[in-house]
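Read through the structure below, which is laid out as structure tokens, and then see the notes.
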Protein chains: 2
Amino acid sequence: MKRNSRFSLALHVLGHMARKPDERLSSQQLAAFNQTNPVVVRRTLGLLREQGIVSSERGHAGGWQLSQDPAEITLAAVYDALGERFLRPDPVGEDNPPHCAIERKIGSTLSDALSEAEQVLVRRLREVTIAAIAAEMT
Amino acid sequence: MKRNSRFSLALHVLGHMARKPDERLSSQQLAAFNQTNPVVVRRTLGLLREQGIVSSERGHAGGWQLSQDPAEITLAAVYDALGERFLRPDPVGEDNPPHCAIERKIGSTLSDALSEAEQVLVRRLREVTIAAIAAEMT
DNA sequence: TCAATCGTAACCACGAGAGTTACGTATTGT
DNA sequence: ACAATACGTAACTCTCGTGGTTACGATTGA
């Protein structure tokens, strides 16, 4: 099992979809690109559909299609749509209230540092679009 | 079970140790601060010992002590000593060589973005010392 | 009607990491 | 010496997150 594959799975299939904007690709086809399962694809793309990035059609000629211009879809949008958090926060659990001042201090310090790092990450992801990814395809 | 507790566990016990530089604190005592287990403490502090941050003594009056001035121990040093990677890379697994160009592109793009974000994180962690953490204790 | 396809629920498989037990070894106080 | 204390470590369990899989209902088009 590949861990943390949601994001790269999404980017990969979006890249392929950007190459064939007029076709509706089935979960089965998209799954093949990642050597994974149609259900996993549906799960993942379902989150993107909620954000209007892709659309799906049921039935005989159904499948998935981009809802936006691939040049307008940033990796940050995908990251957000998936609810990804590459930074593992959890500096201070919600259920374990700090017992001493040091724990609060640690929690706030780590929170600040992680937030800043993630801002940098997202800023970078905003600079790359699906179109740029698709352009690399052979 | 608290996840990702190694780092905050380490910072917490180091903070307490910094308050009592002359005492040797047992794993048992340190574990109590975090409501965890002595073995977990030994495991974690063992990594810090390898980097010369703390020292341990066995036997009757044994325990743990800081090996460095708490004002010299940065959170980044602890982060490194623990081998923590708050950013989950794994953009392209080592065992699954990219099948098409898009996968390589995704892998390198994510790698770059994650690396940059982590540099920012570490830079921040370098600005905070154990002494600063300990100063917050009540 | 029938085949293709998404939408979901439900469950399994696997791995990471903390929690726990157990035991060996080292050190110290008496 | 000897008992008590404490680390070092192995081995196991528990839990959680996540992907994989199966199953089935709903929808669409020929």
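The values are calculated or read from the model by the stated rules, or taken from the named source; none is laboratory data. Keep in mind it's a predicted model, so treat the numbers as computed, not measured. Neighbour counts are summed over all protein chains in view; Cβ atoms, including those assigned to glycine, are modelled from backbone coordinates with ideal geometry.
If you go through the stretch A:6-32 and keep only what is within 14 Å of chain B (Cβ to nearest Cβ), without any contact (Cβ under 8 Å) to a residue 60 or more places away in the chain and away from DNA strand C (no atom under 13 Å from the Cβ), you end up with A:S8, A:L9, A:H12, A:K20. Among the residues of the stretch B:31-52, the one identified as under 16 Å from B:I133 (Cα atoms) and buried (at least 21 other Cβ atoms within 10 Å of the Cβ) is B:N34. If you check B:T44 against the conditions, is it within 15 Å of DNA strand C (Cβ to nearest atom) and not in a helix (DSSP H, G or I)? Spelling it out, it is not the case that B:T44 is within 15 Å of DNA strand C (Cβ to nearest atom) and not in a helix (DSSP H, G or I). Confirm whether B:L87 is surrounded by 15 or more Cβ atoms within 10 Å (Cβ to Cβ), at pLDDT below 95 and either in contact with a strand residue (DSSP E or B) (Cβ under 7 Å, 6 or more places away or on another chain) or facing another protein chain (nearest Cβ under 9 Å) (or both). Yes: the conditions hold for B:L87.
Considering A:R42, A:R124, A:R58, the condition of being closer than 17 Å to A:H16 by Cβ and at pLDDT 95 or above is satisfied by A:R42 alone.
For the stretch A:47-67, the tally of residues that are under 16 Å from the mean Cα position of the chain (by Cα), part of a loop (DSSP other than H, G, I, E, B) and farther than 16 Å from A:G83 by Cβ stands at 1.
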